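S.K.: Pasting a structure here, questions to come.
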Amino acid sequence: MPPIRRVRQHVNPLSSKYANPAEVPDWSEVFANSRLPLHLDIGCGKGDFVREMAARLPAWNFLGLEIREPLVDRALIRRDQALQKNLHFVFCNANNSLRPLLADWPGGCPLQCVSIQFPDPWFKKRHQKRRVVQPELVDVLAEQMPSGGMVWLQSDIEEVCAEMCDRFDENSAFVREGASWLSESPFPAQTDRERVTQEKGLPVYRAKYIRDR
């Protein structure tokens, strides 16, 4: 495998470099069966979580979106080496690419599950407009998800997870399951950050939303 290019830890999604939406692939060519239920992981990083999920759940398709292009290039190479036909990655800014990526899915978008895990916190107040969960992104998910679809949010920073919850609470299409943080993930795989955080004995803040109507 070729060496990975230098990867910036923080990428400003408001930069002009990321102003254009991603090119939409032909989903019927990307996936062996594009009509399988779709799990979307927004901000997938190296893609280890969705790669393991795709291996464990062959009756689902998995799509990872990531704004750092070198990570996507490497994830696609590893996918091809493993011959995973239910997995794809797209280099993009999710906030301007999500709608076009999902809008023209052959046979209708099969989006059933969304995960947003340990997103860049952008601590400085003037930078918080760069956070990935914005009202427009929630609106697109409400448009594309069927009743009963699930959104899973988690972070090791309580303020960040609380703000993500605020954005979903503002949209009447989503209902939160429970009023407090959830103790366990529903998934059989973990992100690297989740595993390291738990190994250190630190808390992970988790919330689950259901597409209500």
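S.K.: At 7 Å along Cα-to-Cβ for each site, give me the label-to-label distance between Ala82 and Asp26 in nm.
M.R.: Distance between label points: 2.6 nm.
S.K.: Roughly how many whole Å is it from the C-alpha centroid of the stretch 173-213 to that of the stretch 16-71?
M.R.: 20
S.K.: Quick one: grab the alpha carbon gyration tensor of the chain, order the square roots of its eigenvalues as a ≥ b ≥ c, and give me rounded if a/c is under 1.5, else prolate or oblate depending on whether a/b is larger than b/c. All intermediate terms of the calculation are to be shown ahead of the outcome.
M.R.: Numbers: a/c = 1.26, a/b = 1.14, b/c = 1.11.
Rounded, because the longest to shortest axis ratio a/c is under 1.5.
S.K.: Separate question: For the stretch 35-211, what proportion of DSSP beta bridges, expressed in % and rounded to the nearest 5, is antiparallel? Write down the numbers at each step before the final one.
M.R.: Working: 9 of 29 bridges.
For the stretch 35-211, the DSSP antiparallel bridge percentage is about 30.
Throughout, read-outs are computed from the coordinates displayed, never taken from laboratory work. These numbers come from a predicted model, not from an experiment. Because the Cβ atoms are built from the backbone with ideal geometry, glycine has one as well, and the counts that use them run over all protein chains shown.
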